[in-house]
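What follows is a short report on a single structure.
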Amino acid sequence: MSETTTPAPELDGVVEAAMTRWGVPGLTLGILRDGEAETRAYGVASLESGYPLRPDSLFQIGSISKVYTATLVMTFVEEGVLDLDTPVSTYLPDLVLADASARDAITVRHLLAHTSGLEGDRFTDYGMGDDALTRAIAEFHTLRQITPPGETWAYCNSGFYLTGAIIERLTGKPFEAVMRERVFEPLGLTRSFFFAHEAITYPVAVGHSPVQPGEPAHEVARRYPLPRCVNAAGGIISDVGDLLRFAAFHLGDGTVDGKRVLSPESLAAMREPQAEAGSFAEAYGLAWALHAYDGGWVVGHGGTTGGFQAQLRLVPGRGFAVAVLTNSSQGAAAYSEIIDWVLEHECGLRPVRPEPVSLSADELAWFAGRYHRPDVDITISVDGDRLRADVVTRSQLTGKETTLPPLTLIPIGERRFLIADTHVRGETVEFLEGPDGAPRFLRFHGRLADWQGR
């Protein structure tokens, strides 16, 4: 795959304006057009060093790693040693979950499609040893079974921990070693890593967080590595060029340099909708998020870690992909503007934007109340013809509590709202009704928060 660096002043202006608006210290951008890759770098790797980013600078790509994990799983599916619809307990017979019936019902497909119903965010650090994932899974009996398997889509990192554990059990090797043997090396991903001590010998970006949420001023995010047990869910460190190579593989026929890695049928199966994905995307496949554009589906995935946000989008059938890596925890606000511009100007695609609807005062009052999950508290109140969300988050990694700027929620459906402002504008939230007619959950950032009452 060759690389070009054709000047595009208009694109540069879009990128630089978005970075300024959201205070993003630096980002790299990659565009793939029919096998030709263009990579660009903007800004600095660190506000403290001032060192300029290069197109091949390494970033944490966060949950884009889930697509790599699903790709790895499909290599075992094709060999006949793993079946997507077999219960996880078949591969992990010593697994103990809080709900015994769920333990025997959750399948590998549920894990990859975020429909297991398990509590999804547990970032306890079990060390950097090869036993980190085994130790994490040994405590999964403390995870709540929020909904029955297959019933409700909810973003679930812990499901990918289980996926990684299955890979380790099948091979007797650490997950990271299997990923390198079966995905990184066959695809030629020479600048993709899991560990900070590997990345540090290359040009590397550090993460940044805003001094005040929603404001441009940033500071270095001091914690760099994720716990090792997270690797199957979000641990890859890579550059934008390797992301485009990965995208080219998924847009191709499953071969690299004439060698078969996956069949075209397996690649297509990963993009097949498995469930409606609520506030996260229109649908979700096997680790791919499916986004509705006026010209058809665009598949992709984002990633968020401490001080980094990233996004990869592919246009199947057109040989086109765009990737953006940012070293800011507000980078999603910037990359959303950039990617929308690129897809419109390069492919004529615009995201489908739902129109606002009117809800009565009584209908709006139904949503009001307090919602909770372990890492966030959300208070919903009525504000004229819309809702207001006051959000307090707690990082499981650092313990830091953050009060976000109030969010304005505009109704776009009977139970669905669009966030109209701040750095998370454009995201949607959903309210799920319980059997008693009261709210049951608020789905925010793809996760379910329980209704606590008014």
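The values are calculated or read from the model by the stated rules, or taken from the named source; none is laboratory data. Owing to the predicted nature of the structure, the values given are computational and were not obtained by experimental measurement. All Cβ positions, glycine included, derive from the backbone under ideal geometry; neighbour counts span all protein chains shown. Accessible surface is based on the protein model in full, side chains and every heavy atom, while ligands, DNA and RNA are left aside. Shrake-Rupley method; radii C 1.70, N 1.55, O 1.52, S 1.80 Å.
Observations on the model:
- Ranking 393, 366, 444 by how far each Cα lies toward the positive end of the dipole of the stretch 357-454 (charges on Cβ) leaves 393 at the top.
- Listed residues 301, 124, 213: farthest to the positive end of the dipole of the chain (Cβ charges): 124
- Cα gyration tensor category, rounded, prolate or oblate, for the stretch 70-198 with a/c compared to 1.5: prolate
- Under 5 Å between amide hydrogens, built in the peptide plane, is the criterion, and for residue 383 it picks out 388 among residues at least 5 positions away or on other chains.
- Computed lengthening from residue 433 to residue 12, 0.36 nm per intervening residue step minus Cα-Cα distance: 147.1 nm
- Partners for residue 173 among lysines (Cα-Cα distance below 28 Å; same-chain residues under 8 apart left out): 66, 259
- Projecting the Cα atoms of 323, 255, 278 onto the charge dipole of the stretch 252-346 (Cβ charges, centred on the Cα centre) puts 255 farthest toward the positive pole.
- Peptides 358-371, 236-249 ordered by packing proxy, namely the average of other Cβ atoms within 10 Å per residue, highest first: 236-249, 358-371.
- For the chain, calculated [θ]222 nm from helices alone, where every DSSP H run of n ≥ 4 adds -39500 (n - 2.57): -7000 deg cm²/dmol
- Summed side-chain charge close to residue 45 - residues other than residue 45 whose Cβ falls under 13 Å, Lys, Arg +1, Asp, Glu -1: -2
- Accessible solvent surface per residue of the stretch 232-341, calculated while the other protein chains remain in place, 1.4 angstrom probe, Å²: 28
- The chain shape via C-alpha gyration tensor axes, a/c threshold 1.5: rounded
- In sequence order, the stretch 113-129 has phi-based couplings of 9, 6, 10, 6, x, 6, 3, x, 10, 9, 10, 4, 8, 9, x, 9, x Hz under the Karplus curve 6.51 cos²θ - 1.76 cosθ + 1.60, θ = phi - 60°, and Gly or Pro positions carry x.
- Taking label points 7 Å from Cα along the Cα-to-Cβ direction, residue 85 and residue 259 give a separation of 3.3 nm.
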